[in-house]
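Peer 1: One structure follows; several queries about it will come next.
The values are calculated or read from the model by the stated rules, or taken from the named source; none is laboratory data. Since the structure is predicted, the reported quantities are computational estimates derived from the model, not experimental observations. Positions of Cβ are generated from backbone atoms using ideal geometry, with glycine treated the same way; all protein chains shown enter the neighbour counts.
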Amino acid sequence: MAVLLSLAAFLGITAVMAAWGPQLLDDGYYYLQVAWNISRGAGSSFDGIHPTNGYHPLWQLMLVPVFWVFSKGAALWAAVVLQSILFCASGILLYRLVRVSGGSGPASAAAAGFWVLNLWLWGKGAMSGMETGLLLFLFGLSLLSFIEVLRKEGEGWKLGILLALTVAARLDSLALAVAAPAVLAACGRGRRAFRAAIPTAGYLAVYFSLNLLLFGGATPVSGYVKSREGLRLLGGLLREGDTAVFGRFLKNAVSLVTLGGRMPLLPALVAVLSAALLVLLAYRKAKEPLRGLILVVAVYGFLILGFYSLMYPSILGAYTYYWLPLLMGVSAAGFSALGMTGRRTRRLMLVSSAAFLLFFDAVYAADRLGSYSFSVPEEERPDAAGVAFLDSLEGEVLVGSWDAGYVGYNCRHPVVNLDGLVAGYDYQRFLDSSGLEEWIRAAGITHLANVDYFSGKRSFIEERLEWVSVFEDTAAMPGAVSLFSLSPSDLEYSARRTRIFFVYAPQVTAEGSYPTRS
């Protein structure tokens, strides 16, 4: 049944992409462009000039051979198909995970269906171009191996290797690599826990050392950029006893439980405490291996939520795909726990979950099919018009862009990333010492191009650099983000209902103005 559900999901995902085109996140293009540069011998670089480690290495390495086989246009499709296959395979793993944790056949099938037929997860886990499909696949394998070790059916080495691979798929999976051995040790599996921890420790020692040697920083520069303020606050606590970091944690905790103020605090706290009580009751009533699964998911969730609450200014502004492994673990534990209920209650819960999924998918499909990425064909988007304009420029052109993924992958000229996610540590150090204005001049940037997210970048270009607009294209933008989005910045941008792509240059050519279309 799980195989059939996963196959149906894959066919559905493929049909969506065939009908409406690829739905990659801009960061997905970062992965593709770096892989393309590696495949042609230009090194680990987004622009072919500056080295970067702004990615998670396992997915990045998996994409490189794709460019040995396919052209740049076809490689994009091949990468998304690969991600979709891995995502759909995670549904089969979820089925197996529920089954070995004490869930019934119908509950296991319901879990798999709830996972792979969830349209929201298609966008986040299967079509984004990101590492998410691979991560979910390895996360599921790791939890299955964890249960094997818990039942004394494994010595811990296999689990350790899978945990190391999961960390290589995304570094924040270190939370799972800590949680799984810790729970095993607490359950009296000390030697197995030690063995399970060794591969990840060895991998991180090599990974951090190579990053430091080759790129000037131990961790991916993308993570450094995103969590820099959080690290500063944490450093202030450790060095000076400054407690500002706890203020951020408390603010994010309140924001999370109230869904950004959408729920009153008191009812939200009651709901959270009720959920915690249900988990505690389920844990006390459960038997192994379900108890171990609940415990490892709880510890992992505590660590991952704590990390993002401390490091990010807005936990609701963090990418939603960060939470998919936690959602997978919660789904596994939740559907497994149905085995502790009576037959009538279990049947009611399964029917209710199926009805909820149908309702959710219907609402979500109506929301997304009317949105910008589905209703406006790529060739009619300002981004594509901007790339066409940049491609028309002759001579030595070096483009700078903050949200550079789509532009960098499709433009024939090199595109330098300015938000730092796929730049390098040298870039960050230059910004600290001299600022972005000086870096743009020193790097020889000839044009600045970006989607206008109304964040002040155009004012910076016009007032600080005194550059002039040489191209602008505008399109109506219905629903830039889902109505399910909680990100404050996404919601603010979506409310403007207009997408603008701009290009600036130091001066207009003597022959006349560059074209502007709106």
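Peer 1: Among the residues of segment 92-114, is any out of contact with any Gly (no Cβ under 9 Å at 6 or more places or on another chain) and under 23 Å from ALA19 (Cα atoms)?
Peer 2: No, segment 92-114 contains no residue that is out of contact with any Gly (no Cβ under 9 Å at 6 or more places or on another chain) and under 23 Å from ALA19 (Cα atoms).
Peer 1: Of the conditions (1) in a helix (DSSP H, G or I); (2) surrounded by fewer than 18 Cβ atoms within 10 Å (Cβ to Cβ), TYR300 clears all except one; give me its number.
Peer 2: (2)
Peer 1: Which of the numbered conditions does SER455 fail, given that it passes all the others? Conditions: (1) modelled with pLDDT under 95; (2) surrounded by 14 or more Cβ atoms within 10 Å (Cβ to Cβ).
Peer 2: (2)
Peer 1: Okay, next question. Using the structure shown, decide if LEU135 is among the hydrophobic types (A, V, I, L, M, F, W, C) and free of Cβ contacts under 8 Å to residues at least 40 places away in the same chain.
Peer 2: Numbers: among the hydrophobic types (A, V, I, L, M, F, W, C): yes; free of Cβ contacts under 8 Å to residues at least 40 places away in the same chain: no.
No: the conditions fail for LEU135.
Peer 1: Here is a follow-up. Across segment 236-261, what is the number of residues that are surrounded by fewer than 14 Cβ atoms within 10 Å (Cβ to Cβ) and either aromatic (Phe, Trp, Tyr) or without any contact (Cβ under 8 Å) to a residue 40 or more places away in the chain (or both)?
Peer 2: Of the residues in that region, 10 qualify.
Peer 1: Go through segment 57-173 and tell me which helices (runs of 4 or more DSSP H), entirely inside it, have 3 or more residues that are in the same structural domain as PRO22 (by TED's automatic domain parsing) and in contact with a Lys or Arg (Cβ under 8 Å, 6 or more places away or on another chain).
Peer 2: Per the criteria, 105-116.
Peer 1: Sticking with this structure for a sec: Among the candidates MET311, MET328, which residue alone is over 28 Å from LEU350 (Cβ atoms), in contact with a Ser or Thr (Cβ under 8 Å, 6 or more places away or on another chain) and among the hydrophobic types (A, V, I, L, M, F, W, C)?
Peer 2: MET311
Peer 1: Something else now. Collect the residues in segment 310-333 that are assigned to a helix (DSSP H, G or I) and under 29 Å from ALA244 (Cβ atoms), keeping them in residue-number order.
Peer 2: Residues satisfying the conditions are LEU310, MET311, ILE315, LEU316, GLY317, THR320, TYR321, TYR322, TRP323, LEU326.
Peer 1: Another question about this same structure. Anything in segment 198-223 that is part of a helix (DSSP H, G or I) and in contact with a Leu (Cβ under 8 Å, 6 or more places away or on another chain)? List them, or say none.
Peer 2: PRO199, THR200, LEU204, VAL221, SER222, GLY223, listed by residue number.
Peer 1: PRO106 versus (1) surrounded by fewer than 22 Cβ atoms within 10 Å (Cβ to Cβ); (2) within 24 Å of GLN60 (Cβ to Cβ); (3) not basic (Lys, Arg): which is the lone unmet condition?
Peer 2: Every listed condition holds for PRO106 apart from (2).
Peer 1: Follow-up question, since we're still on this one. Farther than 30 Å from PHE360 by Cβ and either surrounded by 20 or more Cβ atoms within 10 Å (Cβ to Cβ) or modelled with pLDDT of 95 or more (or both), is that true of SER392?
Peer 2: Yes; evaluated as a whole, the condition is true for this residue.
Peer 1: Suppose we keep only residues that are among the acidic types (Asp, Glu) and without any contact (Cβ under 8 Å) to a residue 24 or more places away in the chain within segment 414-442. Which one would you say is farthest from ILE49 (Cα to Cα)?
Peer 2: Step by step, filter segment 414-442, then rank; the result is ASP432.
Peer 1: Do any residues in segment 460-481 that are of a type in the set (A, V, I, L, M, F, W, C) and modelled with pLDDT under 95 have Cβ atoms under 7 Å from those of residues that are crowded, with 20+ Cβ neighbours inside 10 Å and assigned to a strand (DSSP E or B), where the two are at least six apart or on different chains, and which pairs are they?
Peer 2: Going by the 7 Å Cβ cut-off, the qualifying pairs are ALA475/ARG499; MET477/ARG499.
Peer 1: Given the residues LEU348, LEU293, LEU281, which is the only one that is under 28 Å from ALA126 (Cβ atoms) and in a helix (DSSP H, G or I)?
Peer 2: LEU293
Peer 1: Would you mind stating whether ALA271 is more than 19 Å from GLY317 (Cβ to Cβ) and either in contact (Cβ under 8 Å) with a residue 40 or more places away in the chain or in contact with a His (Cβ under 6 Å, 6 or more places away or on another chain) (or both)?
Peer 2: no
Peer 1: Filter segment 161-188 down to the residues that are farther than 19 Å from LEU136 by Cβ, surrounded by 21 or more Cβ atoms within 10 Å (Cβ to Cβ) and out of contact with any Gly (no Cβ under 7 Å at 6 or more places or on another chain) and list them by number.
Peer 2: PRO181, LEU184, listed by residue number.
Peer 1: Just one of the numbered conditions (1) within 25 Å of VAL451 (Cβ to Cβ); (2) surrounded by 18 or more Cβ atoms within 10 Å (Cβ to Cβ); (3) not assigned by TED's automatic domain parsing to the domain that holds VAL415 is not true of PRO382; which one?
Peer 2: (3)
Peer 1: Residues being modelled with pLDDT of 90 or more and farther than 25 Å from LEU93 by Cβ: count how many of those fall in segment 318-347.
Peer 2: Total meeting the criteria: 0.
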